[in-house]
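Structure, as structure tokens:
The values are calculated or read from the model by the stated rules, or taken from the named source; none is laboratory data. The shown structure was predicted, so the numbers you read here are calculated from the model rather than taken from an experiment. Don't worry about glycine lacking a Cβ; one is built from the backbone with ideal geometry, like all the others, and counts go over all protein chains shown. SASA here: full protein model, heavy atoms, side chains in, ligands and nucleic acids out. Shrake-Rupley method; radii C 1.70, N 1.55, O 1.52, S 1.80 Å.
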Amino acid sequence: MTDTASAPNPPQDPAQDPIQDQNRDQASAPLADFPAGRARGSAEGGLHVYRGLPYALPPTGDRRWRAPVKAPTWDGIRDATAFGPACPQPFRRKGSVYECDIPLKDEDCLNLNIWAPKDARDLPVFVWIHGGNLLRGAGSEALTDGAALARRGQVVVSINYRLNVLGYLAHPDLSAEDPDGVSGNYGLLDQIAALEWVRDNIAAVGGNPDNVTVAGESAGALSVYYLMCAPAAQGLFARAVAQSGHICSAQHLRDNRHGMGTGEDSGRALLEKLRASSIDELRQWDAQELALAAGAAGFAAQGVVDGHHLPDQPLVMFRDGRSADVPLMTGFNAREIPTLEFLMPPVPADAASYEAQICASYGDLAEDFLTLYPSDNLRRSCEDAAGHALFGWTVLAAAKAQVANGRAAQVYYFDHGYPEADDRDLHAFHACELAYLFDTMRQSPPAWPKAPDTEEEATLTRIFGDYWTGFARDGVPRAEGAPDWPDYAQGEAILHITDQPRIRRDLFPGMYDLIDADFARRRATGTQPWNWLVGTATPLG
């Protein structure tokens, strides 16, 4: 009988040896010679992945609330195998479908991530800007992991940028120290700096710097609209994708327009609430504590019309043809509001109260409003009215402006449901299309309704990715087994995505005209925010 205790160890399969695996991974780890410096990334399923690459110096100390400064070339070989920090930020609401772990947050957050096919040569580049109300979020979130999109034949980039009070505080003292005499758009300037880094470096991993698509959802889509209006961003991207974004009326830096106060006044008010005597004092605060305190004080992050980085209201610039002359893909979802209830006014107690409020606020438009949003289901009507006014109107306003100025526009309406989402009354909720675009349903946040693992779901995911990839490649969104997606100029064509996509030209008749007429009337008064407040929250007069 053999003494197993003293028998020699059997020869080990090298494929099962963790030390061999580690050595092999190190040997196969990709090394990129970026103009910014050399970096070692990870080889992952046919991709070369680089994480946490800095595109600007840390915006810390005296650089807090200043324009980003290009990072110098680094020495040696940079380890690019781990995500960099996200911007310090308020916490998401517990139980939210968007709640996810962002383990690393630091003010030194100006970094980006790259997923590139290992043999990439002159491929289109898809730059993703995360959402989160300009208050929170990260380019490292698993829901928007770029691997699956990159495997379709493109280089995918995700970025971090300054958020909340760190990214969007305007104040007269900040304006006084700025060379251009402005303040407040630091997050936007970060995004421009990231695009400049992509222009200068992406060829090192096979991306084509002349074929960049900038894309985002929610606040990321709002950022795309800002970028289309920012003079410094022109020429940095060839196409744009804005998913469920809203072009809201923005504060002007020093002029009180539309009853919104000024950006600088909002900054003064925040310092008073925080009991800070000066900007210099506030620069000494811990960044995470500052983000939490500003959030508790009601700071609302948004771009500021400063006459320089944002020359005018984005809506005006789109309609005047002063936005970027690039094709735009844009769309919204069927049920934007159920997971964003803070955007909806309180539901009236009964139908009579609802109708009375609408009649008082909308006047001669009230009948049309009540036809579209009747009183027989008050919650649903309030949700739909808010979703259409914020997201639907924005999409159509942007598309119509594109067409009027001879520019391409692709419009979609995402209306796909699946059992868990529908059972929770979250059919086609805000951002749910991201799991299809990035093929990350199994990586979605814990409370996210999960779609079943079926052939139908896989097909829709493939079609979704094909459309977006085609648009990024050459501006023509096509998908095998799905209809060609015509330009909105062709009879106001909209891609209606249910279980299968189809082309529609009759979605929500009268919706845009009603909302646009209401907003136009408010803009004409000059004393009211002209969107955002909708339905029963609409100002009187």
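Looking for whichever is open to solvent by 30 Å² or more (accessible area, probe 1.4 Å), among the aliphatic types (A, V, I, L, M) and more than 21 Å from L340 (Cβ to Cβ) here; the options are L123, L112. Which one fits? Don't jump to the end; show me each part of the working.
Working: L112 fails: open to solvent by 30 Å² or more (accessible area, probe 1.4 Å).
Among L123, L112, only L123 is open to solvent by 30 Å² or more (accessible area, probe 1.4 Å), among the aliphatic types (A, V, I, L, M) and more than 21 Å from L340 (Cβ to Cβ).
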Failed condition for W448, given (1) assigned to a loop (DSSP other than H, G, I, E, B); (2) aromatic (F, W, Y); (3) free of Cβ contacts under 8 Å to residues at least 60 places away in the same chain: (3)
Filter result (within 18 Å of N208 (Cβ to Cβ) and buried (at least 24 other Cβ atoms within 10 Å of the Cβ)) within segment 220-236: none
Test: residue in segment 436-444 that is in contact with a Leu (Cβ under 9 Å, 6 or more places away or on another chain) and open to solvent by 40 Å² or more (accessible area, probe 1.4 Å): yes
Residue count, segment 113-140 (criterion: closer than 24 Å to G167 by Cβ and part of a loop (DSSP other than H, G, I, E, B)): 11
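I need the helices (runs of 4 or more DSSP H) fully contained in segment 168-268, keeping only those with at least 1 residues that are in contact (Cβ under 8 Å) with a residue 12 or more places away in the chain and touching a strand residue (DSSP E or B) at 6+ places or on another chain (Cβ under 8 Å).
Where helices (runs of 4 or more DSSP H) fall fully within segment 168-268 and carry at least 1 residues being in contact (Cβ under 8 Å) with a residue 12 or more places away in the chain and touching a strand residue (DSSP E or B) at 6+ places or on another chain (Cβ under 8 Å), they are 186-201, 219-229.
Is there a residue in segment 175-185 that is among the hydrophobic types (A, V, I, L, M, F, W, C), at pLDDT 95 or above and crowded, with 24+ Cβ neighbours inside 10 Å? First the steps, then the outcome.
So in segment 175-185, the residues among the hydrophobic types (A, V, I, L, M, F, W, C) come out as 176, 182.
Then drop every residue that is not at pLDDT 95 or above, which leaves 176, 182.
Next, only the ones that are crowded, with 24+ Cβ neighbours inside 10 Å stay: none.
There is no residue in segment 175-185 that is among the hydrophobic types (A, V, I, L, M, F, W, C), at pLDDT 95 or above and crowded, with 24+ Cβ neighbours inside 10 Å.
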Test for E264: is it buried (at least 20 other Cβ atoms within 10 Å of the Cβ) and acidic (D, E): yes
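For residues that are touching a residue at least 60 places away in the same chain (Cβ under 8 Å), out of contact with any helix residue (DSSP H, G or I) (no Cβ under 8 Å at 6 or more places or on another chain) and within 20 Å of V165 (Cβ to Cβ), tally how many sit in segment 92-110.
So the count comes out to 0.
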Checklist (1) more than 27 Å from R162 (Cα to Cα); (2) crowded, with 22+ Cβ neighbours inside 10 Å; (3) β-branched (V, I, T) applied to V403, failing item: (2)
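Return the residue satisfying two criteria in turn: it lies in segment 445-471 and is under 17 Å from A147 (Cα atoms) and of a type in the set (G, A, S), and of such residues it is nearest to the chain's Cα centre (by Cα).
We begin by selecting, within segment 445-471, every residue under 17 Å from A147 (Cα atoms); these are 458, 461-470.
The next check asks that each one be of a type in the set (G, A, S); those that pass are 458, 465, 470.
Details: A458: 24, G465: 17, G470: 20 Å.
If we take residues in segment 445-471 being under 17 Å from A147 (Cα atoms) and of a type in the set (G, A, S), then G465 is nearest to the chain's Cα centre (by Cα).
Given the structure, is R275 of a type in the set (K, R), in contact (Cβ under 8 Å) with a residue 40 or more places away in the chain and either open to solvent by less than 40 Å² (accessible area, probe 1.4 Å) or over 22 Å from N133 (Cβ atoms) (or both)?
Details: of a type in the set (K, R): yes; in contact (Cβ under 8 Å) with a residue 40 or more places away in the chain: no; either open to solvent by less than 40 Å² (accessible area, probe 1.4 Å) or over 22 Å from N133 (Cβ atoms) (or both): yes.
No.
Sort through S140, S158 and tell me the only one that's within 17 Å of the chain's Cα centre (by Cα), open to solvent by 20 Å² or more (accessible area, probe 1.4 Å) and of a type in the set (G, A, S).
Details: S158 fails: open to solvent by 20 Å² or more (accessible area, probe 1.4 Å).
Sole residue among the options that is within 17 Å of the chain's Cα centre (by Cα), open to solvent by 20 Å² or more (accessible area, probe 1.4 Å) and of a type in the set (G, A, S): S140.
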Count of residues meeting criterion [surrounded by fewer than 17 Cβ atoms within 10 Å (Cβ to Cβ), part of a helix (DSSP H, G or I) and among the charged types (D, E, K, R)] in segment 484-533: 3
